[in-house]
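This report refers to the structure that appears directly beneath it.
The values are calculated or read from the model by the stated rules, or taken from the named source; none is laboratory data. None of these values were measured; they are calculated from a predicted model. Here the Cβ positions follow ideal geometry from the backbone for every residue, glycine too, while neighbour counts run over all protein chains shown. The protein model used for the area step is the full one, side chains on, heavy atoms only, and it has no ligands, DNA or RNA in it. Shrake-Rupley method; radii C 1.70, N 1.55, O 1.52, S 1.80 Å.
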Amino acid sequence: MAANNIERTRVLGAPVDALTMKTAVERAVELAKDRTKLSYVVAINPEKTFALRENAELARFVEGADLALPDGIGVVWASRLLNGRKIERVPGADLAEAVCARSGVEGLNLFFYGAKEEASAAAVEELRRRYPDIRVVGRRNGYVKAEEMEALTREIADSNADVLIVALGSPRQERWIREHAARTKVGLCLGVGGTLDTFAGTVKRAPLAWQKMNLEWFYRLLKQPSRLWRCRRLLYYAVETAARFFLVKPFTRK
Ligand code: UDP
């Protein structure tokens with residue numbers, strides 16, 4: 001149990017915080033306001049838990065996260081099935097939106113980095129429409145060249161941003177945060193994958209009914225069947241984990 005009363009559990013080898021959306025938002029706001037150090041949030045989904053096994057750098061980064069969100073329903077189910085522990089799903093996209101919504105009252109400055117130029121512009125425009133008091137102090141698309149990176153981090157630092165929303169996809173965004181974020185002087189980094197595309201409307205999120213039935217992953221698969229190829233490793237590990245649970249566990253039980 002950490003000092004902030006958020007309990008960190010382990011699911012499929014990855015750290016996962018047992019929290020609610022309300023606690024996550026409160027903690028994120030608190031971390032963002034403390035600019036004496038860089039804090040960061042990671043979103044844990046099954047794909048990431050398996051990626052950690054093959055990417056030691058990513059694994060170290062995730063271990064050091066100030067918040068590790070149960071982002072995917074697969075993580076929630078695995079926690080229940082393998083650990084007998086009920087946890088709530090807290091999607092990273094929803095936390096990012098909640099922080100945007102609170103930025104006005106909390107006085108938090110936001111900087112957005114990532115996604116294609118049109119998607120980045122449209123996402124910020126959409127967020128301004130939803131939350132008229134949102135405090136956006138800057139944005140850059142996610143296709144900044146390596147030689148311009150120092151200028152970008154300086155621009156973010158000069159913008160006086162408290163929160164940096166990094167939308168480069170995974171593990172690209174985690175690597176970027178590890179290598180560059182400290183120079184931006186923000187309090188909190190939120191890695192949000194492709195979320196700016198969903199705010200922009202270029203990629204549709206599943207209808208609310210599908211989200212409520214926890215079928216968002218299936219909706220995405222139907223819309224973008226090419227994801228199936230990316231998910232092959234996930235499928236392999238899922239079968240392996242299930243086999244271990246159903247075949248090995250009964251014999252090791254007293
Ligand atoms: N992206 C980016 N810069 C890059 C590569 C990707 O900003 O160099 C953005 C991309 O436009 C998209 C998001 O990162 O908005 C997620 O990209 P992708 O679907 O490749 O990542 P994944 O969903 O697999 O994490």
Q: Pick out, from A32, P15, T49, the residue whose Cα sits farthest towards the positive end of the charge dipole of the stretch 5-49, with +1 on the Cβ of Lys and Arg and -1 on the Cβ of Asp and Glu.
A: A32
Q) So how strong a dipole does the stretch 31-119 carry about its Cα centre when Lys and Arg Cβ are +1 and Asp and Glu Cβ are -1, to the nearest 20 debye? A) 360 debye
Q | For the stretch 21-168, diffusion coefficient by Stokes-Einstein and Kirkwood Rh (Cα), 25 °C, 0.890 mPa s, µm²/s | A | 147 µm²/s
Q) On average, how much area does the Cα convex hull of the stretch 123-254 cover when viewed from any direction, in nm²? A) 12.3 nm²
(Q) Classify the stretch 1-81 from the C-alpha gyration tensor, please: rounded if a/c falls under 1.5, else prolate or oblate depending on whether a/b exceeds b/c. (A) oblate
**Q.** Efficiency of FRET between L81 and A182 - r from beta-carbon atoms, R0 30 angstrom, step 0.05
**A.** 0.20
Q: Summarise the accessible area of the chain (1.4 Å probe, protein heavy atoms) by the percent that is carbon and sulfur.
A: 55 percent
Q: Please give the length that would be gained between N214 and E240 if that part of the chain were fully extended, namely 0.36 nm times their separation in residues minus their C-alpha to C-alpha distance (nm, one decimal).
A: 7.1 nm
Q) What accessible area per residue comes out for the chain, rounded to a whole number of Å², with a 1.4 Å probe? A) 53 Å²
**Q.** Cα-Cα P(r), the chain, percent of pairs per 10 Å interval
**A.** 7, 30, 37, 20, 5, 1, 0
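Which pairs break 26 Å Cα to Cα here: K86/K204; K33/K204; K116/K204; K86/K116; K22/K145?
Numbers: K86/K204 29 Å; K33/K204 32 Å; K116/K204 16 Å; K86/K116 37 Å; K22/K145 37 Å.
Too far apart for the 26 Å limit: K86/K204; K33/K204; K86/K116; K22/K145.
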Q. Heavy-atom accessible area of D34 with all protein chains present, probe 1.4 Å, nearest 10 Å²?
A. 60 Å²
